[in-house]
1. Once you put a point 7 Å from the Cα of Leu176 and another 7 Å from the Cα of Thr103, both along the Cβ direction, what distance in nm separates them?
2. Where is the GNM fluctuation largest for the chain (alpha-carbon springs, 10 angstrom cutoff): Thr263, Thr248, Thr14?
3. When the chain is fully extended, how far beyond the present Cα-Cα distance does Thr248 get from Glu71, taking 0.36 nm per residue of separation?
4. What shape does the chain take by its C-alpha gyration tensor, where a ≥ b ≥ c are the square roots of the eigenvalues and a/c under 1.5 counts as rounded, a/b above b/c as prolate, and the rest as oblate?
5. Going by amide H atoms built from the backbone, whose H comes under 5 Å of the H on Arg38, apart from near neighbours?
6. Take the chain, connect every pair of alpha-carbon atoms lying under 10 Å apart with a spring to form a Gaussian network, then pick out the residue of Gly20, Gly95, Gly124 with the largest mean-square fluctuation.
7. For Val240 and Asp130 in one chain, what is 0.36 nm times their gap in residues minus the Cα-Cα distance, to one decimal in nm?
8. Mind jotting down the distance between the C-alpha centroids of segment 45-93 and segment 144-210, whole Å?
Amino acid sequence: MTGAFVTRFAPSPTGYLHRGHAYSALCAFEAARAANGRFILRIEDIDRTRCRPEYEAAIYEDLAWLGLDWEHPVRRQSDHMADYGAALRDLSERGLTYRCFRTRREIAEAIEQAPHGAMEAFRGHPLPPDEEERRVEAGEPYAWRLSLDAARRALGGFDHLVFTEEGQGPNGEYGLIQARPELGGDVVLARKDVGVAYHLAVVVDDAGQGITHVIRGQDLFEAVHVQRLLQALLALPTPVYRHHGLLTGPDGRRYAKRDRAQTLRELRASGMTPRALRTELGFG
Ligand code: GLU
C-alpha cells in the first residue's frame, strides 16, 4: 500500500541535467521511497522557445541511468495550458489581476526609480479602462500580473499565510514560516509570449497531482512566498516544503546548465557509473 506521501522532480527541458539535478532528483526519489510514497516526474516546458524535445528525451534517459523510475504518464505542462488558463480566468474574474503592457526595459527603469532602488519588487498599476481597451484593441502584447493590493483585500491580509519548511531555506529558515508575498511584488501570472508563467503553473500542478511534499533546491525557497499566496487565492492545499542545499563545484559556484562537463551524459561518457555518482552525492 502506498502512503500519503507524494513528491515530484520537475525539471525544465532547456538543457542537459547536471550533478545538481541528479542530487535534487535523488533527494525526492529517496524521500518517497523512505516514506513508502509516490515519486512523480513532471516536465516543466511552458516556455516552448527554450525547451527542446532532445532535452526532454535526455531527462528520461539520464534519470533511468541514475536508477530512478517514476509514474506514467508523465505530465508535461505544455499539455495543460487550458488548466492554467482556467486558474487565471478565475483570478481575473475576481478582480485580482491586471494587464501589464510594460516592456522589460520600462520595468527595469521603474524599479530603478523606485524609492528603495533595485531591491524594490515590481508593483504596477491597472490602466484606466479606456486606455486598456484601446491598447488591447490595437493588439499590443501584455502580461497578466497578480495585484498584491487586491489579493490582500480578498484575503483580509496575509498574516494567516504560513507554510512548513522541513528542509532549510538559504538563511536557515525552518519550521512554521510566515509567507511574505510582498517580497515578490506583483508577479507575472501569464507571460506575454507564453500565456502562463512559472508560479501559476506550479501551484496548479502541485495541487492537481496531489503533491504532499515539494522537495527542491534552496534557489526556489523564495518562490514559496508567492506560491503560498496563489494557493490561498485558488483554494488549493499547501504542501510541506523541503528545500535542500545546492551543490557547488570545486570553484565554489553552484552547478548550472552552462557547466557542460558536469552534465550527466558527459559524466557517463567519461566512464562514471551511476553507483559512483550516487555515492558521491551521499546516496550510497
Ligand atoms: N522547473 C523548475 C526548475 O527547473 C523547478 C520547479 C519547482 O521545483 O518548483 O528549476
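Coordinate-derived values only; no laboratory data. Values in this document were obtained by computation on a predicted structure and should not be read as measured data. Backbone-built Cβ (ideal geometry, glycine too); neighbour counts: all protein chains shown.
1. 4.9 nm
2. Its mean-square fluctuation being the largest, the pick is Thr248.
3. On the way: separation 177, 0.36 × 177 = 63.72 nm, distance 2.99 nm.
Between Thr248 and Glu71, full extension yields 60.7 nm more.
4. Numbers: a/c = 1.81, a/b = 1.62, b/c = 1.11.
Prolate, because a/c is 1.5 or more and a/b exceeds b/c.
5. Phe5, Val6, Thr7
6. With Cα springs under 10 Å in the chain, the top fluctuation among Gly20, Gly95, Gly124 is at Gly95.
7. Extra length available between Val240 and Asp130 comes to 35.2 nm.
8. 20 Å
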